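Undergrad: Right, I'll just put the structure down here and ask away after.
No value in this document is a laboratory result; all are computed from the given coordinates. Everything numeric in this text was worked out from a predicted model, so none of it was measured. Virtual Cβ from ideal backbone geometry, glycine too; neighbours counted across all protein chains shown.
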Amino acid sequence: MFRRKKKAEKVEPAPSPEVTAEVETAEEAASVEASSRAPATEAAPVAAAEPASRSGAAETLEASAPLPGARARGNRVQKVGIVASDKMQKTVIVRVDRLVMHMKYRRYVRQTSKFKAHDDLGAGVGDRVRIVETRPLSAQKRWRVVEILQKAAK
């Protein structure tokens, strides 16, 4: 099996004081322009609410930033398929179909891949499920069932 290379984490540099000053002056100019077009009664609440939104945005950025010791995870590959077998304990085989154009005949051909996935949700044969890649759970299990999208008709 091919293993993916880990992506280096990108660290964005903090904006320089000149850039933040330009942004603040541009926002002030926009608020002055808006206040000149709007009636005087509406201009005061807009100007008062603007600094609070700036500080609120900074607080949300700080709150959403990962902790220094925590590792950020990238987007994991997700696939949607149909459960082909559920005869194992807490493991299902998920069949994922995809259409690929044939090089010679220029027609779409259906190709099927089977993945063994860990299942804590109790999916049955015929259920449409979403699986997500994860660390190796056994010799052949590299996927986990995240949700059951549609139960099979009985």
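Undergrad: If you average the sequence gap of Cα pairs under 8 Å that are 6 or more apart and divide by the length of the stretch 78-150, what percent do you get for the contact order?
TA: Values: 168 pairs, mean separation 23.2, N = 73.
The value is 32 percent.
Undergrad: Find which of Leu99, Phe115, Leu149 sits farthest along the positive direction of the dipole of the stretch 78-150, computed with +1 on the beta-carbon of Lys and Arg, -1 on that of Asp and Glu, about the Cα centre.
TA: Positive-end residue among those listed: Leu99.
Undergrad: With r defined as the distance between the Cβ atoms of Ala153 and Leu121 and R0 fixed at 30 Å, what FRET efficiency is calculated, to the nearest 0.05?
TA: Between Ala153 and Leu121 the formula returns 0.95.
Undergrad: What is the gain in length, in nm to one decimal, between Leu137 and Gln89 on full extension, counting 0.36 nm per residue of separation less the C-alpha to C-alpha distance? Don't skip to the answer; put the middle values down first.
TA: Working: separation 48, 0.36 × 48 = 17.28 nm, distance 1.34 nm.
In short, 15.9 nm is gained.
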